[in-house]
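Everything on this sheet refers to the single structure shown next.
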Amino acid sequence: MDETMTETKPTAPFAPFEWMLSARYLRARRKEGFISVIAGFSFLGIMLGVATLIIVMAVMNGFRKELLDKILGLNGHILVQPLESPLTDWKDVADRLSQVQGIRLAAPVVDGQALASSPWNASGVLVRGIRSDDLNNLTSIAKNIKQGSLEGFDDGQGVAIGRRLADQLSLHAGDSITLVAPKGAVTPMGTTPRIKPYKIVAVFEIGMSEYDLGFVFMPLAEAQAYFNRSNDVTSIEVFTTNPDQIVAFRKAVTEAAGRPVFLVDWRQRNSTFFNALQVERNVMFLILTMIVLVAALNIVSGLIMLVKDKGSDIAILRTMGASQGSIMRIFLITGASIGVVGTLVGFVVGLLICLNIESIRQFLSWLTSTELFSPELYFLSKLPAEIDIGETTAVVIMALTLSFLATLYPSWRAARLDPVEALRYE
């Protein structure tokens, strides 16, 4: 008897016969078909839950990153506006700001609303007057010129417009666009709108529909004349090397300005937008976690049914010398295998979809003949996905943890089963 008991004691945390029995219980037989169906749904639920979580989080991260890059690539990280008096000393202020450590560009701008029109259509736009050197330092514009060129931008009276605006007005580089400003010359009959045609020297495409449709760039001196600015500017757009550390730059910018100014950083200008994105991201994570939780509960129900069905097997194993720990480990392996395999397959599926999400979107759009990702609604012209390693790891660990916890109670019940009661009615 002592030798028999010694042989049945596992020499490792999981003995070979425990793995063997777990594998047999996972393979369906005809009379256990319903249990196998529950196990299959548990596997599919965990796989889909993990894959969906990874995909949705990656797309949300991609949205935030792309929008942040687009917004901060065109608008300054800090907007310096004048107080008490107009910014007639904008050249000196911009030079002082450019010398602050961590600031890569201080661009004086003149902003004004106008109506852009062509013989075929019209659209409201924001006209931004900017120096040629500053415009060339905005890589989101300078590196995305689709037609024409920015060479000699300051020398003439040409403008640069977005691709979507050009398409809407049916214009190309070299054509003329007419800008209508509400505040023009003052006459005895009142203020008349200022109407002036400009040659399109360049067409850019940032990839954010709102900017590609609504921005027109004009030489700074021409914008000052067009909007009746007496040698002053609307504001100075300050671009830093690290937008996330914007708070640290505010004091240095205020001191370097050397005059009363009002500062607005990018977080204040876009706080509502990015807060809404963060809230939506957190809510989506909680909702999609429920899918994994439901799948884990299916593991519980499937294992409980398996334990009831295998009651006689458990009793026989106990009478042959198997310990309560061995019985518990058998059902732990059975349930955890579903969770582990489902999580790993979901992880692989999620990564594959994230890496090819734009191709999948284009295929589905072609298949259904519909626009699945309208730039007018989602701001971006492509579906982005940015996989965060830490976040993806957290999703995988969460799924594995839930799967493991789901197996504890059924395994404990199996280990506590009384062999005498289990065999009484056999």
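Relative contact order for segment 92-166: what is it in percent, counting Cα pairs under 8 Å that are at least 6 residues apart?
20 percent
For segment 210-262, the fraction of C-alpha pairs more than 14 angstrom apart is 69%. Here segment 137-280 exposes an accessible surface that is 51 percent carbon and sulfur, computed with a 1.4 Å probe and the other protein chains kept in place. Packing order of peptides 295-301, 249-255, highest average first: 295-301, 249-255 (average count of other Cβ atoms within 10 Å over each peptide's residues). Multiplying the residue separation of residue 279 and residue 305 by 0.36 nm and subtracting their alpha-carbon distance yields 5.4 nm. Diffusion of segment 177-292 by Stokes-Einstein, at 10 °C in a medium of 1.306 mPa s and with Rh set to the Kirkwood radius over alpha-carbon pairs, works out to 83 µm²/s. Size estimate for segment 25-173 follows the Kirkwood approach: the inverse of mean 1/r over distinct Cα pairs works out to 20.7 Å. Largest first, the residues 128, 259 sort by 1.4 Å accessible area into 259, 128.
Here is the P(r) of segment 123-181: all C-alpha pair distances, binned every 10 Å from 0, give 19, 58, 23 in whole percents. On segment 50-125, 49 percent of the accessible area sits on carbon and sulfur atoms, based on a 1.4 Å probe.
Placing dummy labels 7 Å off each Cα toward the beta-carbon, the span from residue 44 to residue 139 is 4.7 nm. Taken over the C-alpha atoms, segment 97-143 has Rg and Dmax values of 14.7, 48 angstrom. In terms of accessible area, using a 1.4 Å probe and ignoring ligands and nucleic acids, 217, 404 rank largest first as 404, 217.
Its Cα centre serving as origin, segment 193-340 has a Cβ charge dipole (Lys and Arg +1, Asp and Glu -1) of approximately 260 debye. For residue 264 and residue 320, the difference between the fully extended length at 0.36 nm per residue and the C-alpha to C-alpha distance is 12.4 nm. Surface analysis of segment 121-223 yields an accessible area of 44 Å² per residue, using protein heavy atoms and a 1.4 Å probe. Here segment 52-94 has an Rg and Dmax of 18.3, 55 Å, counting Cα atoms alone. Against the empirical curve 2.2 N^0.38 Å, the C-alpha radius of gyration of segment 75-118 lands at a ratio of 1.45.
The values are calculated or read from the model by the stated rules, or taken from the named source; none is laboratory data. All figures in this text were calculated on a predicted structure; none of them were measured in a lab. Glycine also receives a Cβ, built like all others from the backbone with ideal geometry; neighbour counts cover every protein chain displayed. When the accessible area is computed, the model is the full protein with side chains, heavy atoms only, and any ligands, DNA or RNA have been set aside. Shrake-Rupley method; radii C 1.70, N 1.55, O 1.52, S 1.80 Å.
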